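S.K.: Have a look at the structure that comes next, please.
The values are calculated or read from the model by the stated rules, or taken from the named source; none is laboratory data. Bear in mind that the values here come from a model prediction, so they are computed numbers and not experimental data. All Cβ positions, glycine included, derive from the backbone under ideal geometry; neighbour counts span all protein chains shown. Accessible surface areas use protein heavy atoms only, side chains included; no ligands, DNA or RNA. Shrake-Rupley method; radii C 1.70, N 1.55, O 1.52, S 1.80 Å.
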Amino acid sequence: MSPTSPPTTAAPTTGPAPTGAAFGSVFGPSMAVSRFDGATWSAPEVVDVASFGMHPGTHALHYGSSCFEGLKAHRFPDGRVVPFRPDVHIARLRQSTARLCLPVPDAALVARLIDMTVAANEAVAPQPPGSLYLRPTELGTDVTIGAAASPSVTAVLFVLACPVGDYLPPRPLTISVETVTPRTTPQFGIVKAGANYAMALPTIMVAKERDGADQVLFAPGGHLQETGASNIVLIDGEHLVTPALTEAYLHGVTRDSLLRLARHLGWTVEERGVTVADVVEWIARPTAEVALSGTAAVVAPVGTLVVDGTPLAVGGGTVVQTAALRAALVDIQTGCAPFDW
Ligand SMILES: *Cc1c(COP(=O)(O)O)cnc(C)c1O
């Protein structure tokens, strides 16, 4: 740029107001995409979001060679739209693809696709508390139904965007505790794959019907893992306890962010084995809180745990510490407060 060029930065835009549409049901107009042909990834390009052709014999449709990520880009006070901790999400996507024996994209390629999708959908990125939810996805695209025992050599990688509002549930959640069925198979715990969601569905449907539950907390053998789509934290004053990470369930970026933030705030943070008996004891304290963590809802309070068919209220119903932690994290995500991860 010559010294006399006009500034290329546009005046900060505030972005549209968040809408009340159901989470993930409205899509931004454009997505970035790259294809792997077995040897190299194609140059990333931005295309219109539209139905795309796929042979009915595509590997991903038959043998589960698909995985995804979910992260948010937030509109900062200066108008920029900035993804939250994309490097951690990219590392997890690469881990998921590796576990599925899919082509593992370079971190730089995924970062480029994320940036291109954000730039292409900048105009629809809502102002806080809304955000642009990003969905990097990789699918195995070999056309063969004879490859049940071999991976897809070719793949497509794309990043969808959805303008979303504040996804905090309108009331504290009711969570049913499942002590037999695990969250997923041990070898898929740390893979963000659609199969994990499908696997949890029958258990969730029963809990909804039987217990009026919103979600299921998987605790096979009485040992807490996570819910169908989020990690769990127990809070009491400035004390936070969460199940220690194992490969049996997903390592949430929100979980990691909350722990770092709580430690930074001087809270006592414990990562350890947590049993259903521990939780029942915990929630009997009047100041106890329980919260679920995930990118979509950030942190959502749990009001009731259903254990062996009995609904148990969490503490005295206060969510003050959960709300404080959520507000502190959202401030960082939206560029209102600095934080060095
Ligand atoms: C995505 C996901 C989470 C939450 O992870 P974040 O990185 O915090 O969004 C938790 N559990 C499962 C099963 C998930 O798929």
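S.K.: Taking H as built 1.01 Å from N, whose amide H comes closer than 5 Å to the amide H of C67, not counting residues under 5 places away?
M.R.: E138
S.K.: Tally Lys and Arg at +1 and Asp and Glu at -1 over the other residues with C-beta under 12 Å from the C-beta of G237: what net charge comes out?
M.R.: -2
S.K.: Next question, about the same structure. Where the centre of each part is set by its Cα atoms, how far does the stretch 299-324 sit from the stretch 166-212, in angstrom?
M.R.: 17
S.K.: Mind listing the phi-derived Karplus ³J(HN,Hα) values for the stretch 72-81, rounded to whole Hz, using 6.51, -1.76 and 1.60 with θ = phi - 60°, and x for any glycine or proline?
M.R.: 10, 10, 10, 7, 6, x, 7, x, 5, 10
S.K.: Check L312: other-chain or 5+ apart residues with amide H under 5 Å from its amide H, H built from backbone geometry?
M.R.: The list, which skips near neighbours in sequence, is L305, V306, V307.
S.K.: Placing unit charges on C-beta atoms (Lys and Arg positive, Asp and Glu negative, everything else neutral), compute the dipole magnitude of the chain about its Cα centre in debye, rounded to 20.
M.R.: Roughly 220 debye for the chain.
S.K.: Of the DSSP beta bridges with both residues in the stretch 173-323, give the percent that are antiparallel, rounding to the nearest 5.
M.R.: Around 60 percent antiparallel, to the nearest 5.
S.K.: Mind checking the log10 I(q)/I(0) for the chain at q = 0.09, 0.13 Å⁻¹? Debye, one equal scatterer per Cα, no solvent, two decimals.
M.R.: Here log10 of I(q) over I(0) equals -0.52, -1.05.
S.K.: A further question follows. In Å², what does the accessible area per residue of the chain work out to with a 1.4 Å probe?
M.R.: 45
S.K.: Further question on the same structure: So what does log10 I(q)/I(0) come out to for the stretch 207-286 at q = 0.18, 0.23, 0.25 Å⁻¹, using the Debye formula with one equal point on every Cα and no solvent?
M.R.: -0.81, -1.21, -1.33
S.K.: Sort C101, C67 by heavy-atom solvent-accessible area, probe 1.4 angstrom, most to least.
M.R.: C101, C67
S.K.: Let me ask something else. Would you kindly derive the ³J(HN,Hα) couplings of the stretch 139-155 from the backbone phi angles with the Karplus curve 6.51 cos²θ - 1.76 cosθ + 1.60 (θ = phi - 60°), listing them in order in whole Hz, with x for Gly and Pro?
M.R.: The phi angles translate into 10, x, 10, 4, 9, 6, 10, x, 10, 4, 10, 9, x, 7, 7, 9, 7 Hz.
S.K.: Compute and list, largest first, the equivalent-ellipsoid semi-axes of the stretch 1-141 from the alpha carbon gyration tensor, each √(5λ) rounded to a whole angstrom.
M.R.: With the √(5λ) rule applied to the stretch 1-141, the semi-axes are 30, 19, 15 Å.
S.K.: In the stretch 188-323, carbon and sulfur make up what percent of the accessible area (probe 1.4 Å)?
M.R.: 58
S.K.: Here's something else I'd like to know. May I ask you to compute the full-extension gain from W341 to C101, defined as 0.36 nm times their residue separation minus their alpha-carbon distance, rounded to one decimal in nm? All intermediate terms of the calculation are to be shown ahead of the outcome.
M.R.: Details: separation 240, 0.36 × 240 = 86.40 nm, distance 3.01 nm.
Residue separation times 0.36 nm, minus the Cα-Cα distance, leaves 83.4 nm.
S.K.: Still on this structure: Can you give the local net charge around R263? Use residues other than it whose beta-carbon is closer than 14 angstrom to its beta-carbon, Lys and Arg +1, Asp and Glu -1.
M.R.: Here the count lands on -3.
S.K.: Would you mind calculating the gained length between T40 and T19 on full extension (0.36 nm times residue separation, minus the Cα-Cα distance), in nm to one decimal?
M.R.: Gain on extension, T40 to T19, equals 3.6 nm.
S.K.: Using a 1.4 angstrom probe with every protein chain in place, what is the largest-first accessible-area order of M199, M31?
M.R.: Working: M199 80, M31 15 Å².
If we order M199, M31 from most to least accessible, we get M199, M31.
S.K.: Radius of gyration and Dmax for the stretch 65-162's Cα atoms, expressed in Å?
M.R.: Rg then Dmax for the stretch 65-162, in Å: 15.0, 53.
S.K.: Okay, next question. Which listed residue (S150, M31, L139) has the Cα farthest towards the positive end of the charge dipole for the chain, taking +1 on Lys and Arg C-beta and -1 on Asp and Glu C-beta about the Cα centre?
M.R.: M31
S.K.: Could you run the Karplus curve 6.51 cos²θ - 1.76 cosθ + 1.60 with θ = phi - 60° over the stretch 250-255 and give me ³J(HN,Hα) per residue in whole Hz, x for Gly and Pro?
M.R.: Computed from phi, the couplings for the stretch 250-255 are 6, 8, x, 5, 5, 4 Hz.
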